[in-house]
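**Student:** Pasting in a structure now, in structure tokens, and then I'll have a few things to ask.
The values are calculated or read from the model by the stated rules, or taken from the named source; none is laboratory data. Remember, predicted model here, so these are calculated numbers, not experimental data. Glycine gets a Cβ as well: all are built from the backbone with ideal geometry, and neighbour counts include every protein chain shown.
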Amino acid sequence: MLSRDVSAGNLIFSQGDGADCAYLIEQGEVDIFVERDGRRQPLTVLGAGEVFGEMGVIDGLPRSATARAHTDCSLVVVSAEQIQQVVARSDPFFAELMRKLVGRLRDTQSSLIAGRETVGQHSSDFGPGYAEVVRERDIAEAIISGEIEPYLQPIVDLGGRTVLGYETLARWKSETMGLMRPFDFLPLARRTGLIRRIDLTMADRAMAICARLGNRADAPFVSINVSAWLIQDRSLTATLARMMDQHGVAPGRICLEVTETMLIEDLDAAEEAMDDLRDLGIRLALDDFGTGLSSLSVLHRLPFDVIKVDGSLVQGCQTSARQRAVLRGILDLCGRLDMEVVAEGIEDVGTARALGDLGFTMGQGQHFAPPAQAEQAMAAWREEVP
């Protein structure tokens, strides 16, 4: 979402204009009025947290009133496309109900204009969706400004402790809110569709990092997280191919990590898209294996090359025979399916040794290194390379 600053006295839109967006008032006040028989009739004064201009977007009719900045205003612009996408995703009953309510509001407004000069009073009540709309705008601006950036965490050889690759993890370094982790902003990004822009932005920046790691035979690969929605997109292969060509990166250096497989609505589409990616030479990993977000049922349908075992199954394995039995079973299953296995969430040397004894060869976790900015992570790798 975009922001628009309007100085006091300036028009925001005029009665009769086409409606291509709605506005949420972040700061300031807005006068809403109509022109009738050559006279201006005030309707209301709106304050921070209130939305206006949405009726024409929903019903497709021209603006029914004029909006002018009463004071200097900061507005969040909500495009017609964004509103229509929300309406399209809603239950048809509620979508139709919304349109009927807008029609009644127009009728009520016309009646009130005919019978009185003012309707309503100034209100500064913040609507229930205010914070979410503002945060969505902030996320969109953070993507554009580069505040959302990839941090790197190494994936290591449990035998030699050498770095085999890096997983890229999105972090938001906000000027106002500090460093924000994925759970602070990705859930909203998924609900609003911004996750696609984040995924593709992170992929492009990960390709640039991969190119900077060099083309040596032992140069680390880069693993990129993609959402369940994006992995079903048949255009993803062409998009990634263009990125790799632009950055001069070989497909074999790239691995895509897919989580939330339960959210994949069309397994056929996902299978076709993943087959295209594998044909290109990109490897595919199933992330968070062993949690409710990934299922055994997808293993026989989707062509994964790598399984990443969730840390919840890894931590404490050195003291639990039952847990070690589960991990041996996973190794056996993946061996039969010709899949590589990475153990996630390794936080201490005891766990790392226990996993090595079980037969795990690759691992990742705080014990080796926490996620770090790309420059810091790559500098550490270069120091280790002879």
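**Student:** Take Phe13 and tell me if it is touching a Pro at 6+ places or on another chain (Cβ under 7 Å) and buried (at least 19 other Cβ atoms within 10 Å of the Cβ).
**Tutor:** Values: touching a Pro at 6+ places or on another chain (Cβ under 7 Å): no; buried (at least 19 other Cβ atoms within 10 Å of the Cβ): yes.
So Phe13 fails the test.
**Student:** Can you name the residue in region 138-191 that is over 18 Å from the mean Cα position of the chain (by Cα) and charged (D, E, K, R) and is also surrounded by the fewest Cβ atoms within 10 Å (Cβ to Cβ) among such residues?
**Tutor:** Filtering first and then ranking leaves Glu175.
**Student:** Within region 267-299, take every residue that is on the phi > 0 side of the Ramachandran plot and crowded, with 17+ Cβ neighbours inside 10 Å and give me the one that is nearest to the chain's Cα centre (by Cα).
**Tutor:** Step one: of region 267-299, the residues on the phi > 0 side of the Ramachandran plot are 281, 288, 290.
Now drop any that are not crowded, with 17+ Cβ neighbours inside 10 Å, which leaves 288, 290.
Values: Asp288: 18, Gly290: 23 Å.
Top of the filtered list is Asp288.
**Student:** Any residue in region 183-204 that is within 16 Å of Ala250 (Cα to Cα) and out of contact with any Cys (no Cβ under 7 Å at 6 or more places or on another chain)? Outline the logic, then answer.
**Tutor:** The initial filter retains those residues of region 183-204 that are within 16 Å of Ala250 (Cα to Cα), namely 203-204.
Applying the additional criterion that residues be out of contact with any Cys (no Cβ under 7 Å at 6 or more places or on another chain) yields 203-204.
Checking region 183-204: at least one residue is within 16 Å of Ala250 (Cα to Cα) and out of contact with any Cys (no Cβ under 7 Å at 6 or more places or on another chain).
**Student:** Ok, one more. Under 8 Å by Cβ, and 6 or more places apart or on different chains, what pairs join a residue from region 349-372 that is closer than 17 Å to Gly165 by Cα with one that is basic (Lys, Arg) and outside any helix (DSSP H, G or I)?
**Tutor:** Gln364/Lys308; Phe368/Arg161; Pro371/Arg171
**Student:** Name the single residue, out of those in region 334-348 being touching a residue at least 24 places away in the same chain (Cβ under 8 Å) and outside any loop (DSSP other than H, G, I, E, B), that is farthest from the chain's Cα centre (by Cα). It would help to see each step written out before you state the result.
**Tutor:** Within region 334-348, the first condition is being touching a residue at least 24 places away in the same chain (Cβ under 8 Å), and the residues that meet it are 334, 337, 339-347.
The next check asks that each one be outside any loop (DSSP other than H, G, I, E, B); those that pass are 334, 340-343.
Details: Cys334: 30, Glu340: 27, Val341: 26, Val342: 24, Ala343: 25 Å.
Here the answer is Cys334.
**Student:** If you don't mind, another one. List every residue pair whose Cβ atoms sit under 9 Å apart, with the two residues 6 or more apart in sequence or on different chains, where the first one lies in region 72-87 and is more than 22 Å from Gln27 (Cα to Cα) and the second, anywhere, is hydrophobic (A, V, I, L, M, F, W, C) and assigned to a helix (DSSP H, G or I).
**Tutor:** Matching pairs, first to second residue: Gln84/Val57; Gln84/Ile58; Val87/Ile58; Val87/Phe94; Val87/Ala95; Val87/Met98.
**Student:** Same structure, new question: Would you check which residues across region 300-317 are surrounded by 17 or more Cβ atoms within 10 Å (Cβ to Cβ) and out of contact with any strand residue (DSSP E or B) (no Cβ under 7 Å at 6 or more places or on another chain) and list them?
**Tutor:** Listed by number, the residues that qualify are Leu302, Gly311, Leu313, Gln315, Cys317.
**Student:** Out of the helices (runs of 4 or more DSSP H) lying entirely within region 212-316, which hold 1 or more residues that are closer than 30 Å to Gly160 by Cβ, assigned by TED's automatic domain parsing to the domain that holds Pro371 and touching a residue at least 12 places away in the same chain (Cβ under 8 Å)?
**Tutor:** Values: elements: 228-231, 236-247, 267-280, 311-314.
Passing ranges, in order: 236-247, 267-280, 311-314.
**Student:** Would you say Ala48 is touching a Ser or Thr at 6+ places or on another chain (Cβ under 7 Å) and assigned to a loop (DSSP other than H, G, I, E, B)? Write out each step before concluding.
**Tutor:** Numbers: touching a Ser or Thr at 6+ places or on another chain (Cβ under 7 Å): yes; assigned to a loop (DSSP other than H, G, I, E, B): yes.
The answer is yes for Ala48.
**Student:** Suppose the filter is assigned to a helix (DSSP H, G or I) and among the hydroxyl-bearing types (Ser, Thr, Tyr); does Thr201 pass it? Before the answer, list the steps.
**Tutor:** Numbers: assigned to a helix (DSSP H, G or I): yes; among the hydroxyl-bearing types (Ser, Thr, Tyr): yes.
Yes, satisfied.
**Student:** Output yes when any residue across region 30-39 is within 22 Å of Val6 (Cα to Cα), among the basic types (Lys, Arg) and modelled with pLDDT of 80 or more, and no when none is. Walk me through it before giving the result.
**Tutor:** Our first condition is that a residue be within 22 Å of Val6 (Cα to Cα); within region 30-39, this holds for 30-35.
Filter once more, keeping what is among the basic types (Lys, Arg): none.
No, there is no match, as no residue in region 30-39 is within 22 Å of Val6 (Cα to Cα), among the basic types (Lys, Arg) and modelled with pLDDT of 80 or more.
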